[in-house]
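Chemist: Have a look at the structure that comes next, please.
Any read-out appearing in this document is the output of simple, stated calculations on the displayed coordinates, not a laboratory observation. This one's a predicted model, so the numbers in the text were calculated from it and none came from an experiment. Please note: Cβ atoms are built from the backbone with ideal geometry, for glycine as well, and neighbour counts cover all protein chains shown.
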Amino acid sequence: MALPHEIGCCAAYCGTCRELAASKCPGCKAGYDTGQRDLAKARCKMKVCCIKRLGTALTCADCPDYLHCDTIQGFYSKEGYKYKKYHESAEFIRSRGHASFLQIARQWKGPYGRLP
């Protein structure tokens, strides 16, 4: 299973984030399972839904309602290249799993990259 801080709820790869590495950003999942952070104060409705339903070790790609979720599908349908890439990452995770995704993503220089 993926480490909670390596893959965001939206399927972004957080392992290359300088802010996270420098402890300037806690990531989208850290601290919610321990009570250090209050999920009720989170602004990202995708994160709130994902963590409430699946906990901090999974992503929206793991949700049984993924295909019909207005929150996640709305996010992926936004204009912009990064949303398309996060959607590709989620689909990859759904078909091949976290371990396969991380094996590839750990070679990227940013939150998304090329997938086979």
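Chemist: Which FRET efficiency value, to the nearest 0.05, do you get for LYS78 and ARG53 by plugging their Cβ-Cβ distance into 1/(1 + (r/R0)^6) with R0 = 30 Å?
Modeler: The value I calculate is 0.90.
Chemist: If you don't mind, another one. What does the highest-first list of 51-57, 90-96 look like by mean Cβ count within 10 Å?
Modeler: Ranked from most to least packed, the peptides come out as 90-96, 51-57.
Chemist: Can you tell me how much longer the chain between ALA42 and GLN107 gets when fully stretched, taken as 0.36 nm per residue apart minus their C-alpha distance, in nm with one decimal?
Modeler: 20.4 nm
Chemist: Residue by residue through region 24-31, which ³J(HN,Hα) values in whole Hz follow from phi under the Karplus form 6.51 cos²θ - 1.76 cosθ + 1.60 (θ = phi - 60°), with glycine and proline marked x?
Modeler: For region 24-31, the Karplus curve yields 8, 10, x, x, 8, 10, 4, x Hz.
Chemist: Hey, can you grab everything whose amide H is under 5 Å from the amide H of ALA11? Only 5+ residues off in sequence or another chain; H modelled, so Pro and N-termini drop out.
Modeler: Distant-sequence amide H within range of ALA11: CYS60.
Chemist: Here is a further query. Tally Lys/Arg at +1 and Asp/Glu at -1 over every other residue whose Cβ is under 10 Å from the Cβ of PRO26; what's the total?
Modeler: +2
Chemist: Starting from the Cα of GLU88, step 7 Å along the direction of its Cβ; do the same at GLU19; then give the gap between the two resulting points in nm.
Modeler: My value for the distance between the label points is 2.3 nm.
Chemist: Would you work out the charge dipole size for the chain about its Cα centre, treating the Cβ of every Lys and Arg as +1 and the Cβ of every Asp and Glu as -1, and quote it to the nearest 20 debye?
Modeler: Here the chain has a charge dipole of around 320 debye.
Chemist: Return the label of the correct value of Rg and Dmax of the Cα atoms in Å, as calculated from the structure shown, out of [x] 13.3, 38; [y] 30.6, 78; [z] 14.7, 45.
Modeler: Given [x] 13.3, 38; [y] 30.6, 78; [z] 14.7, 45, the calculated one carries the label [x].
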